[in-house]
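Scroll down for the structure; my scribbles are underneath it.
The values are calculated or read from the model by the stated rules, or taken from the named source; none is laboratory data. Please read these numbers as outputs of a predicted model, since none were measured by experiment. Cβ: placed from backbone, ideal geometry, glycine included. Neighbour counts: every protein chain shown.
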Amino acid sequence: MTPAPGMTTRLRAWRAATLLLAPLLLSACTQSGSDEPGKAIELLNVSYDPTRELYDELNPHFRTRWKEQTGQDVTIRMSHGGSGKQARAVIDGLAADVVTLALAYDVDAIAQRAPGKLPEDWQARLPHNSAPYASTIVFLVRKGNPKGIHDWADLVKPGVAVITPNPKTSGGARWNFLAAWAYGRAASEGSDDGARDFVTRLYRNVPVLDSGARGATTTFVERGIGDVLLAWENEAYLAREELGAGRFDIVTPSLSILAEPPVTVIDGNARRHGTAKVAKAYLEYLYTPEAQEIIARNHYRPIDETIAEKYAAQFPTLNLVTINGAFGGWTKAQKQFFSDGGVFDRIYAQPHGGR
Amino acid sequence: MITSAVLDFNAEPAPGRTDNAGPRKYRRRTSVLPGFGLTMGLTLTWLCLIVLIPLSTVFVASHAMGWEGFVRVAFSERALATYRISFATSFVAATVNALFGMLTAWVLVRYAFPGRRIVNALVDLPFALPTAVAGIALTAIYAGNGWIGQFAEPLGLSLAYNPAGITLALIFIGLPFIVRAVEPVLEDFDREIEEAALTLGARPAQVFLRIILPELMPALLTGFALAFARGLGEYGSVIFIAGNMPFKSEIAPLLIVTHLEQYDYAGASAIATVMLVAAFAMLLVINLIQAWSRRRSMR
């Protein structure tokens, strides 16, 4: 009745082989035919932390749109994490069809370090530097603003504790640093020495350097550490409304930086998955009025002017410097400020006394 | 259980046990698994795939930057500061754990009390918990506005966002190593020797120091080494409670991550190499001490 021992082993080997190969075969099948209408298709969007809520709301709308246009079902999978970490994952082989990261530097890193995945001039492929939404850096302070913080100059006063993550590990923190630098430079009539002095004094007031933006928000909101949190505008709104309703105020400084989180198709992966068309449509959809409306509702600044006007009350106008205008682009800024031995390292170069 | 496997690795047949089953006989015993050649081959292949090859890439990656670059990154002032902090906090945490871990093991083995099984399970919790959860939970309790932190702060004791916080996190994750290392030895301990010593007029302190402690020493050292090594590599729980200030509370694993965030794989590997070599050297030393203490106790 029972098969010979050799037989069972052979059967078992076959079964194991089939089990191992099945997913490969399956994925090969779905990939080859995925651009055909009527077939289900899957898209992987690799993003950074604070966009969780935004894409949760955007994705179902795009799904409906795409179904209407092509009759095809599209499932969008999301991956969130620190922007730099996500870029590294894509470089190391995470099969992202599109990336929506915190700064262009991280996408540049993919273009340079993962050859063939996307062209170096990727940022020119979509309007507004491939950034369908913008944000800026604002201050979150405790209710009633007990320390009287109204602008950057108030952050360097003695006794004011500032919470901001480490720009060496957090993309968002780099925007914070550069915004402070831009203010320091403007306040000292364009002097880089003045800017360095200002930023150094500011970081002397930082009691905790978290490794990411969400960690810094937790330190400020949950642990009650610090008097002011430097945060993405959208994170500040989220913290005010959802994490601690009524416990915080948002202060918009006189000058800040225009943060443009870029989006792009990872051509190499999309071609291999047969998702090039839908990936492109997905990103273009972000520029439509419908998506722009959702973007504004999630506290990102829309780039569509009619929508921006509609939500003008939510987004106070302020003097916004740009990364290209004030710092000559990300590559230059990264090298000057955040690389080893750069400006940020020199602030901490000596073990300084004090606290 | 994980720990017992780790222990077997260190344990040559205990002196008391080899008397009736000589080493030769021990080795020739037939096994339920196929022969020595096959199992050994599989073991080595497996260890290569899981441990040796991945770790060797660390050396390969740091090799790319050349000797000079390696020294510049791996022994920069900032890196040296992180090693100091990592090694000092791991050492203190492992020492505290050795003390309280031994006490815990003692209570668990020597006394029957209601809820003993629950306490026993609690000891293993740090193994199972994601370390980030531990970090967040510890910070919530020991930060200035936390349950315990609020009482410590007025006394001038700041328990979070400084090396004390790092040590706390490392004590938490290192606890099971000591308890699980010491427990089986205590269980096997021949109480008659103790009783004999007492009837011969030894004071309790003498019994502990001269009879029990020497017997526990190898297990204690094993647990200490494991907790220490685990502390060196710990990242998840520490970054939440450390404050991460350069030169003050920045741990070496964070500096590795910092380099990775700059796409500096070589620099990250350079620091990792130093950690790896240091941890390995330390385990070696502990193993030697253990062998020595075992020889001593066999006298």
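Taking the conditions (1) surrounded by fewer than 17 Cβ atoms within 10 Å (Cβ to Cβ); (2) touching a helix residue (DSSP H, G or I) at 6+ places or on another chain (Cβ under 9 Å) in turn, A:P158 satisfies each one other than (2).
Matching residues to (1) part of a helix (DSSP H, G or I); (2) surrounded by 20 or more Cβ atoms within 10 Å (Cβ to Cβ); (3) within 14 Å of chain B (Cβ to nearest Cβ):
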{"residue": "A:A153", "(1), (2), (3)": "yes, no, no"}
{"residue": "A:W175", "(1), (2), (3)": "yes, yes, no"}
{"residue": "A:A179", "(1), (2), (3)": "yes, yes, no"}
{"residue": "A:G184", "(1), (2), (3)": "yes, yes, no"}
{"residue": "A:T200", "(1), (2), (3)": "yes, no, yes"}
{"residue": "A:S211", "(1), (2), (3)": "no, yes, yes"}
{"residue": "A:T219", "(1), (2), (3)": "yes, yes, yes"}
{"residue": "A:L229", "(1), (2), (3)": "no, yes, no"}
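Regarding the range B:26-38, can at least one residue be identified that is more than 30 Å from B:L260 (Cβ to Cβ), touching an Asp or Glu at 6+ places or on another chain (Cβ under 6 Å), modelled with pLDDT of 75 or more and assigned to a helix (DSSP H, G or I)? No - not one qualifying residue is present in the range B:26-38. The residues listed here are A:N59, A:N45; of these, the one that is closer than 18 Å to A:K277 by Cβ, buried (at least 22 other Cβ atoms within 10 Å of the Cβ) and modelled with pLDDT of 95 or more is A:N45. Identify, please: which residue in the range A:82-118 is of a type in the set (V, I, T) and buried (at least 22 other Cβ atoms within 10 Å of the Cβ) and is, among those, nearest to the chain's Cα centre (by Cα)? So the residue we want is A:T100. Those residues that are of a type in the set (S, T, Y) and within 16 Å of A:V343 (Cα to Cα), I need them from the range A:184-214; list them, please. Matches in the range A:184-214: A:S191, A:T200, A:Y203. With the structure loaded, tell me whether B:V238 is closer than 25 Å to B:F127 by Cβ, within 14 Å of chain A (Cβ to nearest Cβ) and without any contact (Cβ under 8 Å) to a residue 40 or more places away in the chain or whether it fails that test. For B:V238, the condition - closer than 25 Å to B:F127 by Cβ, within 14 Å of chain A (Cβ to nearest Cβ) and without any contact (Cβ under 8 Å) to a residue 40 or more places away in the chain - is not met. Please go through the range B:246-258 and give me each residue that is in contact (Cβ under 8 Å) with a residue 24 or more places away in the chain and facing another protein chain (nearest Cβ under 8 Å), ordered by number. Those that are in contact (Cβ under 8 Å) with a residue 24 or more places away in the chain and facing another protein chain (nearest Cβ under 8 Å): B:P246, B:F247, B:K248, B:L254. Pairing residues of the range A:260-272 that are over 30 Å from A:L320 (Cα atoms) with residues that are of a type in the set (V, I, T) and in a loop (DSSP other than H, G, I, E, B), at Cβ distances under 9 Å and at least 6 apart in sequence or on separate chains, gives A:N269/A:T275.
Is it the case that the range A:155-163 has a residue that's closer than 20 Å to B:T258 by Cβ, within 12 Å of chain B (Cβ to nearest Cβ) and in contact (Cβ under 8 Å) with a residue 12 or more places away in the chain? Checked the range A:155-163: at least one residue is closer than 20 Å to B:T258 by Cβ, within 12 Å of chain B (Cβ to nearest Cβ) and in contact (Cβ under 8 Å) with a residue 12 or more places away in the chain. Within the range B:106-146, the residues that satisfy the criterion of being within 14 Å of another protein chain (Cβ to nearest Cβ) and either closer than 23 Å to B:D190 by Cα or not in a helix (DSSP H, G or I) (or both) are B:A143, B:G144, B:N145, B:G146.
Give the residues of the range B:71-92 that are surrounded by 16 or more Cβ atoms within 10 Å (Cβ to Cβ), among the charged types (D, E, K, R) and without any contact (Cβ under 8 Å) to a residue 40 or more places away in the chain, sorted by residue number. Selection gives B:R72 alone.
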